[in-house]
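A short worksheet on the structure shown next.
The values are calculated or read from the model by the stated rules, or taken from the named source; none is laboratory data. On a predicted model such as this, the values are computed, not experimentally measured, just so you know. Cβ: placed from backbone, ideal geometry, glycine included. Neighbour counts: every protein chain shown.
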Amino acid sequence: MSRTRVHLVNPSNVSFGIGVLAPRWLYVLAAATPREYGDPLVVDESLEALDPARVQPGDVVGIGIHTSNALRGYEIGRAVRERGAYVIFGGIHATLYPEEAHELGGAHAVVKGDGDVAWSTVLADCVNGGPKPVYEGGRLEPDQFQQARWDLMPPDRYMLAAVQTVRGCPKHCSFCSVWRTDGQRPREHGADVVVREIVELRRMGFRFIVLADDNFYPVPLKDLEQAKAAKNPSRLAELQALRDERFELMERLAQLPQDMVFFTQITMEAAEDPEFLQAMYKANIRGVLVGIESVTREGLKAVYKEFNASGESLVNQLKAFPEHGVHVLGSFIFGLSSDRPETFEATMALAQNADLALAQFVTLVPFPGTVDFMRWEKQMEGDPTRIAGFPLTRHWLIPRNLRPRLCIAHPHMSSEEIRDRTQGVWDRFYSLSLIWRRAGFLKSARSRLAYLLISKLFRQMYANTGMATDSARMRRSATWARWIAKPCQRLFRAKPMPALQVPNGLERTISEESRAAG
Ligand code: B12
Ligand code: SF4
């Protein structure tokens with residue numbers, strides 16, 4: 001056994017004690033860690049902060065960052081490098097800006113792209129004299145994806161666990177980096193491996209699972225029709241195979257214990273595909289995040305999402321989901337150049353009329369890797385503004401208390417107006433009276449109470465900690481969220497089913513294999 005200890009750290013500025021969703025990458029990289037290093041020490045800072053004293057000289061510390069937690073990640077990187085550890089960064093932000101992790105995060109190495117295969121090479125290089133500055137992890141094919149080591153996850157600290165069924169998305173929305181980093185070709189995981197992981201999680205007492213996919217519906221009916229009309233048999237066969245795999249997966253999910261509930265992310269086009277919606281319901285997929293983004297045609301055009309409906313047909317499309325027993329978390333963006341003061345009211349009205357179970361109202365953030373970011377960066381070339389020494393186009397490096405909540409100037413509204421109106425919509429949508437009215441779709445009083453708690457928790461964690469302008473309000477919100485999180489976590493737990501077997505499968509789960517390997 002190697003004496004090198006491996007640490008995996010998920011950075012976060014706010015810790016709630018209880019986590020909503022277990023960060024999948026931690027347990028995937030844990031599975032990619034060869035047995036000779038022993039079990040990695042996993043730290044998720046959304047539960048509690050890393051104690052750098054636990055890191056010894058010669059240890060390897062893997063830090064995964066997306067843009068929103070990059071700054072905290074760099075702080076950790078510098079701290080553990082000072083303690084003599086090898087510091088390795090990965091994740092979407094490090095993939096886009098490897099040089100930044102070296103300059104500001106004390107990185108010895110950065111893994112770009114998927115870490116499943118590259119990680120063991122990095123570890124071997126650390127042991128044999130030192131890692132290279134950059135590793136190309138690439139976009140792996142599904143048979144190379146690692147299954148997560150859920151046996152290393154504390155079972156009583158999270159409400160939900162995350163399993164992935166597909167990477168990549170064929171769309172090209174302007175505010176999203178997924179299609180550019182994960183690619184537009186959907187890479188679907190085999191149904192067997194997905195089910196193996198879910199069985200393991202159910203054995204541990206998780207019955208609510210998030211399918212952390214970019215887009216669970218990668219083949220809309222329209223694409224099949226287009227391939228048919230274009231008389232393109234190979235394209236048609238390729239699309240049909242992807243679609244068939246989705247149905248096969250859903251059939252396998254339907255064979256799992258009936259108390260299981262799955263959530264995922266999907267495009268609105270699925271509303272026009274009743275066969276798919278019925279299969280989702282049978283598979284116990286009971287909640288979906290739908291990127292509605294904007295209620296106006298101009299807004300949808302601005303974000304390259306013209307495949308979404310608007311106006312009255314938008315309400316009908318969104319209602320198609322709950323009509324099939326699949327509830328919707330609608331996601332809206334405020335701050336688009338086509339938005340006007342009345343857009344906020346119209347969005348609130350739509351969110352109410354379309355029978356959304358939950359909604360999130362985010363403000364437009366130019367995330368690197370997106371078309372919006374590229375355009376904005378170009379526009380800002382001559383802008384002399386610096387905050388704490390950083391231009392606005394490096395907004396994630398600006399200390400949080402100085403960071404503007406909105407970066408892109410709006411042609412008709414000030415940042416304050418957009419922020420206040422957005423906060424107003426959050427406040428109204430999550431007022432007690434409206435939550436209670438919406439809870440009407442649930443039969444039992446217990447479910448309604450659970451829905452109320454979850455709505456309040458979602459609002460506190462998401463809106464207040466993300467939108468608050470002062471750190472005192474953010475701290476208050478985090479304290480509130482911590483209080484609500486405890487009873488919510490209890491509501492989410494189920495009685496473990498240690499004897500549960502993989503339906504139709506003879507496979508062992510990854511944790512059983514690890515135990516067998518000693
Ligand atoms: C699930 C998810 C969430 C969950 C996260 C929960 C959790 N605890 O993990 C929730 C819903 C909370 C969430 C929230 C947000 N998210 Co999100 N989320 C995702 C999603 C759909 C899947 C992530 C996932 O689990 N993937 C599966 C794992 C296995 O893959 P992975 O994380 O990419 O890790 C692999 C590699 O990156 C690499 N790797 C990762 N870390 C490391 C570390 C090392 C050392 C190494 C070697 C390799 C490595 O190896 C891994 C295995 O191959 C991604 C989309 C995506 N394709 O990633 C968006 C995504 C990460 N989210 C995104 C965004 C924008 C957000 C929000 C800011 C949304 C918002 N507007 O509020 C918030 C921010 C939350 C916060 N507090 O900071 C963006 C990030 C863009 C960017 N440039 O940073 C993404 C890419 C989606 C998008 N549309 O662009 N998100
Ligand atoms: S926002 Fe959703 S639909 Fe659009 S490219 Fe990203 S993952 Fe695909």
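General remarks:
- Within segment 1-58, tally of residues that are among the aromatic types (Phe, Trp, Tyr) and under 19 Å from residue 77 (Cα atoms): 1
- The residues in segment 381-434 that are under 23 Å from residue 348 (Cα atoms), assigned to a loop (DSSP other than H, G, I, E, B) and hydroxyl-bearing (Ser, Thr, Tyr) can be counted, and the count is 3.
- Residue 106 vs. criteria surrounded by 17 or more Cβ atoms within 10 Å (Cβ to Cβ) and either in a strand (DSSP E or B) or out of contact with any Leu (no Cβ under 6 Å at 6 or more places or on another chain) (or both): yes
- Selection from segment 140-174 of residues that are in contact with a Pro (Cβ under 8 Å, 6 or more places away or on another chain), within 13 Å of ligand 2 (Cβ to nearest atom), hydrophobic (A, V, I, L, M, F, W, C) and farther than 16 Å from residue 209 by Cα: 169
- Unique match (being outside any loop (DSSP other than H, G, I, E, B) and either of a type in the set (Gly, Ala, Ser) or surrounded by fewer than 20 Cβ atoms within 10 Å (Cβ to Cβ) (or both)) among 300, 242: 242
- A single member of 87, 20, 61, 80 is outside any loop (DSSP other than H, G, I, E, B), near ligand 1 (Cβ under 10 Å from one of its atoms) and touching a residue at least 60 places away in the same chain (Cβ under 8 Å), and it is 20.
- Verdict on residue 119 being within 11 Å of ligand 1 (Cβ to nearest atom), without any contact (Cβ under 8 Å) to a residue 60 or more places away in the chain and of a type outside the set (Asp, Glu): no
- Among the residues of this structure, residue 229 counts as one that is more than 30 Å from the chain's Cα centre (by Cα) and over 15 Å from residue 164 (Cβ atoms).
- Test: residue 303 is under 22 Å from residue 406 (Cα atoms) and modelled with pLDDT under 95: yes
- Counting the residues of segment 90-109 that are near ligand 1 (Cβ under 9 Å from one of its atoms) and either touching an Asp or Glu at 6+ places or on another chain (Cβ under 7 Å) or free of Cβ contacts under 8 Å to residues at least 40 places away in the same chain (or both) gives 2.
- Within segment 64-77, the set of residues being touching a residue at least 60 places away in the same chain (Cβ under 8 Å) and either assigned to a loop (DSSP other than H, G, I, E, B) or crowded, with 23+ Cβ neighbours inside 10 Å (or both) comprises 70, 73, 76.
- Taken together, 37, 86 contain a single residue that is in contact with a Cys (Cβ under 6 Å, 6 or more places away or on another chain) and more than 16 Å from ligand 2 (Cβ to nearest atom), which is 86.
- Residue under evaluation residue 92, criteria (1) in contact with a Pro (Cβ under 7 Å, 6 or more places away or on another chain); (2) within 16 Å of ligand 2 (Cβ to nearest atom), criterion not met: (1)
- In segment 23-40, the residues that are β-branched (Val, Ile, Thr) and within 8 Å of ligand 1 (Cβ to nearest atom): 28
Residue by residue, here is whether (1) within 15 Å of ligand 2 (Cβ to nearest atom); (2) over 24 Å from the mean Cα position of the chain (by Cα); (3) at negative phi holds:
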site: 283; (1), (2), (3): no, no, yes
site: 288; (1), (2), (3): yes, no, yes
site: 296; (1), (2), (3): no, yes, yes
site: 322; (1), (2), (3): no, no, yes
site: 327; (1), (2), (3): no, no, yes
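- Looking only at residues in segment 24-58 that are of a type outside the set (A, V, I, L, M) and either part of a helix (DSSP H, G or I) or touching an Asp or Glu at 6+ places or on another chain (Cβ under 6 Å) (or both), the one that is farthest from residue 214 (Cα to Cα) is 54.
- Of everything in segment 41-51 that is over 20 Å from the mean Cα position of the chain (by Cα) and farther than 22 Å from residue 111 by Cα, the residue that is nearest to ligand 1 (Cβ to nearest atom) is 49.
- Residue pairs meeting the criteria (Cβ under 8 Å; at least 6 apart or on separate chains; first under 16 Å from residue 485 (Cα atoms), in segment 143-170; second of a type in the set (A, V, I, L, M, F, W, C) and within 16 Å of ligand 2 (Cβ to nearest atom)): 160/210; 160/263; 161/210
- Taken as a whole, segment 241-260 holds at least one residue that is within 16 Å of ligand 2 (Cβ to nearest atom), more than 17 Å from residue 163 (Cα to Cα) and aliphatic (A, V, I, L, M).
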